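Working notes, beginning with the structure itself.
The values are calculated or read from the model by the stated rules, or taken from the named source; none is laboratory data. From a predicted model like this one, the values you see are computed outputs, not experimental measurements. In this analysis, Cβ positions are derived from the backbone assuming ideal geometry, glycine residues included, and neighbour counts consider all displayed protein chains.
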Amino acid sequence: MIHTPRRLSQSQRQLVAKIVGLVLPERPSLSAPERARVHSAVTGFVASQIEALPTFMALPYRVALLAFQLLPTLRYGRRFDGLNEASQAAYLALWSEGPVAPARDVIKLIRSCALLAYFDHPDVRSQLPMPGGTLPAGSAAAPASSAP
Amino acid sequence: MTTAPNAIDRSGNPLRAQVVVIGSGAGGALTAAMLAESDYDVILLEEGPDVDTETIPTNSTEAISRLYRNGGMTPILGRQNLAFVEGCCVGGSTEVNSGFWHRLPPDSYYRWKADYLLDGFTPEMMEGYFERVEADLSVSRSGRSGETRGSAILREGIESLGWKYEEVPRCQKDPSASAFGPGVRQSMQRTYIPRALEAGVRMIPNCKVREIALEEGRAVGVNAVVRDGGRSADWRIRADVIFVCCGAIQTPALLRRSGIRRNVGNNLRIHPMIKAAARFEHEVDSYDAAIPIYQVKEFWPTITLGGSVFTPGFLAMLLSENWEAHRGAMENCHQMGIYHAATRGLNRGSIRVLPGVDEGVVVRYRLNRADQRNLSIGLARLGELLFAAGAVAVYPSLRSFPVLTSAEQCRSFLQTDIPLSAMSLSTVHVFSSCPMGENPDLCATDSFGRVRGFDNLHVNDASLIPDSPGVNPQGSTMAIALRNVEHFMEDSERKRRLPRRRETRMPRADVLVTGATGWLGTVLVEKLYAEPDTADAGVRCLVSRGMDASPLTAISDRVGVAIGDLRDPESLRDFCRRAEGATLFHAAGIIHPRRTREFDQINVEGTRALLAAARDAGVKRVVVVSSNSAIGCNPRSDHLFDEHSPYDPYLGYGRSKAEMERVVTQAQARGDFEAVIVRAPWFYGPHQPARQTQFFHMIRQGRFPILGDGSQRRSMAYVDNLCQGLLLAAKLEAAAGETYWIADERAYSINEIVDTVEDVLENEFGIRCRRSRLRLPAIVGDLAQAADGALQALGLYDQRIHVLGEMNQTIACSIDKAKVELGYAPRFSLREGMVASVRWCLENGQHL
């Protein structure tokens, strides 16, 4: 029986954190400590979602993350995490908006999960133009499977 | 929510139950509750954790991480992948869905009958099942009084277009409250699971069933892994009956992993769904998570339109398809809602498992042109509706598509298909992966969920729904599950295959019989009721799983049945309950096994466990049927064994019987109970097994092998004679602690046995025989015996070689002690016994 290791490695997690940092919007505006707290929580959620992928997808996804990390060496001579922020953003856009569907899907997973976690984070919700600011009790139990 | 405290057996024995239900969702929770409330002993296994869903913090990401399978990211692969979302926790998807409820549309009944040959399934028959489940789940409508602003906006839009719509009933106690308020939604954790636990169900969460254990074409249990914190342990759980209720993806995956593939996982149906967000000029109350209660039925059954749950996070996720262009919409999230167009998928998908890969379940569904068309139309109609409801912008979940600002723009999708590659699709409705019905080309189960080829393996979840009902399938799944489990209970009751076994309902037993469905056991039970002393006795018979107990229960209404196995100590304790002062006849054993280790497992350890249970229950006397094989073969043809003959076991069977006698003798010496050992040689008579009929057939065909000159002698015991001896051994006080040979009046030569059978066949029944003999030199028997010994040394066993090896041996005994001490007087001669045997064979359709 083949078991894929569930936990992301430290370097994989750092890469995810870097991508998350790039996709998170600047608004609503948060204080630096708040933003750091939110970023950490969002990264944790995105990592847990990658770790939750079915076995047959988990391995290809990690290979894709490795490719994402290493391919910039062909053009920039450095790995993704060694690029400056502008180059990182351009390289990320190449993957997320480019013509290669699997590459788009790799970033789509991280982006959509990051945005979900970001806007449902209490610190962010409290800044949104909504009454109450926080989710009502139990409301989080259903959203993804809202059944017709 | 708590796991039943007695869920885990820490004795080291395999856990066992009458029924194992796998999965605690809509199908499984109901099935477990119904069975337990009807006095079945049930274990309920759930892969996910036991988390009270109302205690989950109001943070959607935590709910997704803890309650959803694969974090809500189970992919359905195809031309365009879909995200499938299902719960994976105690209560299953009912803990994470909206609690919407639909009855099965009438057209489905007729279509399923025509296409799937589904029996016993009409709207009239199902009416009562729907009503009962609806009452249990408090299914209700709120009407206008419970209408939220989001619902009102949607209704006004629908009415302005003149479309048909309905308020969807929901499983919730207060119909005017938000479905996600505390205690409102009636999920399985609020309804059937508490009932199941109250009725004694042992629930084991964090238990992933890897495969169903199959033996000789029957399901005998499950092999599972139980996770406890960071550790995991392999468990084996034995059961008489298994219900697989893991949902439309995991049920076929489990069956296929277990080697059951016929029509399994080939017919997956889904409801592909596309979403859109809408911005209104005014504030809407989407943020309070109240889903609009109306659904558009104008385009049903192909397309249904309605609202979806809203959080800012989910809005952002939807907008992420075109994030750079649409991110500004988040500034107005208080004016936005999320809506869906669900279509009736028209293709068939599949579920497959990757061999050797843990949790390697691959789900495929290839959207076809019709699906693409319907999704395009669905999105067009949804946009049309939203603008009619007052939307000023619609954000479809389409990659690289602009914001839609008018109904006309939306209607363009009526003419032009949206590329599948642009669609971001999901589904929450999957079903039909193990369709039920009588059509052998399509159906994985019969019309009541019993898996084809198995009499004790059932499916009872959304997998059974033969094809798309066009509505949320939870209502249909649960009504069908109720129907099927009640059918199962009625059927079991009728056939007495799985008697309910609560102690309070178990009558006292005066006599216990093991091996009762066997050759000797059935006649013994008949004789018990023919004897004046025991004519009114309560007789309880130990019956193996899957054996037909109806011949026993037909003897008297005082015959009770306990399902069990000598290898299952817990079942033996159940068998011996309420039997203080009773007599136990132990006639079960194995003589021709597949592997020699079974001799020890059944004849020795099984007897040891049975005797321990009998001792604990206060059984007064135990009469054990042993064998000549414990003593071996006579040294010469004129020699007779008696009760003083020393042990000289003949191969594995003989050794196991000698050891069994030692175990019995020790128990007697300890004073556990009174024990009598009855040694029976080769017996014959009605209810004989196939191997004895084969013996007749070979004689008729002239192919029965006679080794040497055929003068070697065999003691035989006609079953009536043997039963007389057993009953005397049970009755006479002085017999306690004694051993007796019980056989016919005298031993017979092999030639006499064959001649007698031939004579009976021809002269009593007019069956022509070839009247020839297959004569073989005695050395053939010696060689067979040597081969038998060699095979058994390797743990193997071959019945033909074993029997041939014994054929040139004399195995004869004296019955003088039984005659003197018990008053035993065999009444049937060899010829009379053989006449009765052949008559029984002919009356029961045996081929001679």
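Quick notes on this structure:
- Residue match in segment A:57-67 (condition: over 30 Å from B:I76 (Cβ atoms), free of Cβ contacts under 8 Å to residues at least 40 places away in the same chain and either away from chain B (no Cβ under 14 Å) or among the hydrophobic types (A, V, I, L, M, F, W, C) (or both)): no
- Filtered residues of segment A:73-128 (kept if small (G, A, S) and within 13 Å of chain B (Cβ to nearest Cβ)): A:A89, A:A93, A:S96, A:G98, A:A101, A:S112, A:A114, A:A117, A:S126
- Of all the numbered requirements in (1) at pLDDT 90 or above; (2) surrounded by fewer than 18 Cβ atoms within 10 Å (Cβ to Cβ); (3) part of a strand (DSSP E or B), B:G200 misses one, and that requirement is (3).
- Complete set of residues in segment B:65-77 that are within 15 Å of B:D50 (Cα to Cα) and either within 7 Å of another protein chain (Cβ to nearest Cβ) or assigned to a strand (DSSP E or B) (or both): B:S65, B:L67, B:Y68
- Members of segment B:524-551 found to be buried (at least 23 other Cβ atoms within 10 Å of the Cβ), touching a residue at least 40 places away in the same chain (Cβ under 8 Å) and in a helix (DSSP H, G or I), listed by number: B:L524, B:L528
- Which listed residue, of B:S412, B:S424, B:S463, B:S400, is closer than 27 Å to B:A342 by Cα, in contact with a Lys or Arg (Cβ under 9 Å, 6 or more places away or on another chain) and of a type in the set (S, T, N, Q): B:S424
- Test: B:A329 is in a helix (DSSP H, G or I), within 9 Å of chain A (Cβ to nearest Cβ) and in contact with a Leu (Cβ under 7 Å, 6 or more places away or on another chain): no
- Residue list for segment B:561-595, filter: over 23 Å from B:A658 (Cβ atoms), of a type in the set (G, A, S) and at pLDDT 90 or above: B:A579, B:G581, B:A582
- Against the test of being more than 14 Å from every other protein chain (Cβ to nearest Cβ), farther than 23 Å from B:R238 by Cα, in contact with a Ser or Thr (Cβ under 9 Å, 6 or more places away or on another chain) and not small (G, A, S), the options B:L464, B:L442 yield a single qualifying residue, B:L464.
- Scope segment A:35-80; condition charged (D, E, K, R) and loosely packed, with under 14 Cβ neighbours inside 10 Å; matching residues: A:R75, A:R78
- Residue in segment B:405-415 that is surrounded by fewer than 21 Cβ atoms within 10 Å (Cβ to Cβ), of a type in the set (V, I, T) and either within 28 Å of B:R185 (Cα to Cα) or not assigned by TED's automatic domain parsing to the domain that holds B:D548 (or both) present: yes
- Filtered residue count, segment B:785-829, keeping only those that are of a type in the set (A, V, I, L, M) and crowded, with 21+ Cβ neighbours inside 10 Å: 6
- Options B:L346, B:L354, B:L382, B:L375: the member that is away from chain A (no Cβ under 14 Å) and either surrounded by fewer than 22 Cβ atoms within 10 Å (Cβ to Cβ) or under 49 Å from the mean Cα position of the chain (by Cα) (or both): B:L346
- Entirely in segment B:625-732, the helices (runs of 4 or more DSSP H) that have 2 or more residues that are crowded, with 20+ Cβ neighbours inside 10 Å, touching a residue at least 40 places away in the same chain (Cβ under 8 Å) and basic (K, R): B:651-670
- The residue that is farthest from the other protein chains (Cβ to nearest Cβ), among those in segment A:1-43 that are within 30 Å of B:G356 (Cα to Cα) and assigned to a helix (DSSP H, G or I), is A:S11.
- Some residue of segment B:179-186 being free of Cβ contacts under 8 Å to residues at least 60 places away in the same chain and touching a Pro at 6+ places or on another chain (Cβ under 8 Å): yes
- Residue tally, condition modelled with pLDDT of 90 or more, small (G, A, S) and touching a strand residue (DSSP E or B) at 6+ places or on another chain (Cβ under 9 Å), over segment B:158-185: 0
- B:G91 more than 10 Å from chain A (Cβ to nearest Cβ), touching a helix residue (DSSP H, G or I) at 6+ places or on another chain (Cβ under 8 Å) and not charged (D, E, K, R): yes
- Checked against (1) within 13 Å of chain B (Cβ to nearest Cβ); (2) more than 19 Å from B:G71 (Cα to Cα); (3) free of Cβ contacts under 8 Å to residues at least 12 places away in the same chain; (4) hydroxyl-bearing (S, T, Y), A:S48 passes all but condition (2).
- Top-ranked residue in segment B:267-317 [being assigned to a helix (DSSP H, G or I) and in contact (Cβ under 8 Å) with a residue 40 or more places away in the chain; ranked as nearest to the other protein chains (Cβ to nearest Cβ)]: B:G313
- Qualifying residues in segment B:1-37 (those that are at pLDDT 90 or above and over 17 Å from the mean Cα position of the chain (by Cα)) - the one surrounded by the most Cβ atoms within 10 Å (Cβ to Cβ): B:A26
- Residue within segment B:130-150 that is out of contact with any Gly (no Cβ under 8 Å at 6 or more places or on another chain), within 13 Å of chain A (Cβ to nearest Cβ) and in a helix (DSSP H, G or I) present: yes
- Taking the criterion of being among the polar types (S, T, N, Q) and within 17 Å of A:A47 (Cβ to Cβ), the only residue of segment A:75-121 that qualifies is A:S112.
- In segment B:100-118 there is no residue matching the filter, namely being at pLDDT below 90 and in contact with a helix residue (DSSP H, G or I) (Cβ under 9 Å, 6 or more places away or on another chain).
- Residue list for segment B:37-54, filter: of a type in the set (D, E, K, R) and either within 14 Å of another protein chain (Cβ to nearest Cβ) or farther than 15 Å from B:R202 by Cβ (or both): B:E47, B:D52, B:E54
- Residues in segment B:755-773 include none that are assigned by TED's automatic domain parsing to the domain that holds B:A537, under 30 Å from B:F599 (Cα atoms), touching a residue at least 60 places away in the same chain (Cβ under 8 Å) and of a type in the set (V, I, T).
- Residues (crowded, with 21+ Cβ neighbours inside 10 Å, over 25 Å from B:I801 (Cα atoms), out of contact with any Leu (no Cβ under 7 Å at 6 or more places or on another chain) and hydrophobic (A, V, I, L, M, F, W, C)) located in segment B:552-603: B:L552
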